[in-house]
Each structure stands twice: as C-alpha cells, then as structure tokens.
1. Could you check what % of the DSSP bridge pairs in the chain are antiparallel, to the nearest 5?
2. May I ask you to sort 24, 228 by Cβ crowding, counting other Cβ atoms within 10 Å and putting the fewest first?
3. Nearest 10 degrees is fine. How inclined is helix 46-61 to the longest principal axis of the chain, computing both from alpha carbons?
4. Treat each spin label as a single point 7 Å out from the Cα along the C-beta direction, and report the residue 186 to residue 82 distance in nm.
5. In degrees between 0 and 90, to the nearest 10, how far off the longest principal axis of the chain does helix 173-182 point, with axes built from Cα atoms?
6. With 10 angstrom as the radius, rank 48, 66, 74 by how many other C-beta atoms surround their C-beta, starting from the fewest.
7. Which percent, nearest 5, of DSSP beta bridges in the stretch 196-260 are antiparallel?
8. What distance in nm separates the two pseudo spin-label positions at residue 193 and residue 92, each 7 Å out from Cα along the beta-carbon direction?
Ligand code: NDP
C-alpha cells in the first residue's frame, strides 16, 4: 500500500487566511465594515498565552480590528461577566472569544452563556450548539469547522461514507459529528466507554480522533484507504533520551502517524494538520458574524 496523502492543513489555512484578508478588504471598501474580534485571557497559562497572541496577530494580519483583554488570574466571575457584557454592547466588536481553560473559581459555562450568541465566534453557546443540531445557520466551533473544510477538500463527496468520531466533547467531538451528519455521512460517535473501539475504528471510511491521548489510534485500527483526521495535540518527551532528560518535548496527535500513514489513504499530520485551521476558522467566523450583524452578504 502506498503512503497516505498528507493533508496539508498549514497550507490550506494560509490560503484561507488570504481569502479572508481579501474579503475583509472588500467589506471595508464596499460597506465600511471592519470585522472586530475581542479575545479575553484570564490568568497566565503559558499555552493559552501563546494561542491568544497568535489569534491577535492573525486577526490583525487579516486587516481586522483586534482587541485583547489580559486579566489577572484573580479576576472575579462578576468582573469577567461585566467585561463580556461591555463587549456584547460594543458595535466595533463582532466576535468574542474567552480563552479556555478559565481559573477554577470561575464557572466557564456561565461565562460562555453570557456571550451574545451572534458574537459567539467559538460556537460554544448553547444557542449555536442547538442551531447546529437542528440544521439552522449557526456559528460553528472552529476546530470541527476546519476539519470539515479539510475533509471536503480531500474527499469532495462525503455522502454515504461511514465516519467514526472518537471523542464526544462539546467543542470538538459532538459538533464534528453534527457536521458529518449534515454532509450525509453515516456517523458513529465513540468515547471512553465504547466497546471494541479498535473494531469500530476499522469500519471507518473517515476517522476523526479527538481524544487527547498520545498516539492511541494504532495503524491496525485503520481501514485501508481511510481518511484520517487527527485533532489531538499532545506534548510528550522528546525522542532523543538526552533531550527528554533535559525536559525537551515534542507534539504528537491522537493517531500513531508512523503506523497510520502506511494504511490510510490520506491523513493530517501533527503538527501542521488540523491545528492551523482552528485560528483561520476563528477569523472566518468573525467575518461571518460581522456580515450577519451588518446585514451584508458574505463576500464570495
Ligand atoms: P476532551 O478531554 O474534552 O474530550 C476527550 C474525549 O475523548 C472524551 O469524549 C472522552 O470520552 C474521549 N476519550 C478519552 N479517553 C478515551 C479512550 N481511551 N478511548 C476512547 N475515547 C476516549 O478533549 P477535547 O475534545 O477538548 O480535545 C481532544 C483533543 O483535541 C486534545 O488532544 C486536544 O488538545 C485537541 N484539540 C485540538 C485543537 C486544535 O486546534 N487542533 C482544538 C481543541 C482540541 P468521555 O466523554 O467518555 O470521557
């Protein structure tokens, strides 16, 4: 069997960002509309700080209005809710993202629920989750949206394919399954209580792994020629023992790439697969939210 085609998420995301930049320019010149994204970071989680910095940079690079609120870890829930409310009422802001995880003393669900669903560019509000599940226009969570773009680009016609999604989180697994269902796939959702997980994965024409367990999906779990979308981002010790001993790490997915690449028909690498799509889709959602709020059509 030939090596799997590598699905180049990094390249696809760069193209998407360029198209978004052109759309933003068109909105500015044609409708005097500048999409605005506000990102809120509470505390000093190092990974979150990097994500937030990248989001701000890419928002500005696309020509959009970008605001970042960095709040102390001791910020109270009421203070955070007041900021969300202020952003809800700010006409220059079309998208609001509160970076997760939040410090333990804050009820994340209460904060996500306080975001105006029309500005909920993460797509985590129950109104958007509900709209997605009944097939109404919704702001769709960025990671599964990005996975769908890569899948549609790779497969073209998804109808009738058996898709297995491993993971049922509200931010990845469940919306991913909804999107695959909308694309007329036959969808199986697997999770930590699933029996014979390997056997179920082996039936998949499309296998999406969103588990958070390094290289859990082995090569012999994959049907020959299947399309594998690896959402996982897991930090593990560096391959070189001396580097590992010095605390160096590397990133791997939820799929054992070395094994999977000789069985699958196409596969996303980690890094460079799904990851770069997430922020690009956040920008896309912000443009969508801005157009809907202004009542102007999305640029083609
Ligand atoms: P969660 O921890 O919220 O959910 C993990 C899911 O995997 C749960 O549904 C859980 O099942 C299931 N699971 C855990 N262990 C097993 C197992 N042994 N067998 C089968 N299923 C299992 O994670 P997220 O959905 O937030 O993220 C998943 C992965 O995707 C992580 O690696 C995360 O870093 C990555 N990620 C990547 C993003 C990107 O931009 N590329 C964005 C978001 C996440 P149960 O419900 O039964 O507990």
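1. On the way: 4 of 33 bridges.
In the chain, DSSP labels about 10 percent of beta bridges as antiparallel.
2. On the way: 24 23, 228 29.
Ordered by Cβ neighbours within 10 Å, fewest first: 24, 228.
3. 70 degrees
4. Each label point is offset 7 Å from its Cα along the Cβ direction, giving 5.6 nm.
5. 90 degrees
6. On the way: 48 16, 66 20, 74 10.
Listed from fewest to most nearby Cβ atoms, that is 74, 48, 66.
7. 45 percent
8. 4.9 nm
Readers should treat all values here as calculations from the given coordinates under stated rules, not as data from a laboratory. The model shown is predicted, which means the values in this text are computed figures rather than measured ones. Heads up, the Cβs are rebuilt from the backbone with ideal geometry, glycines too, and the neighbour counts pull from every protein chain shown.
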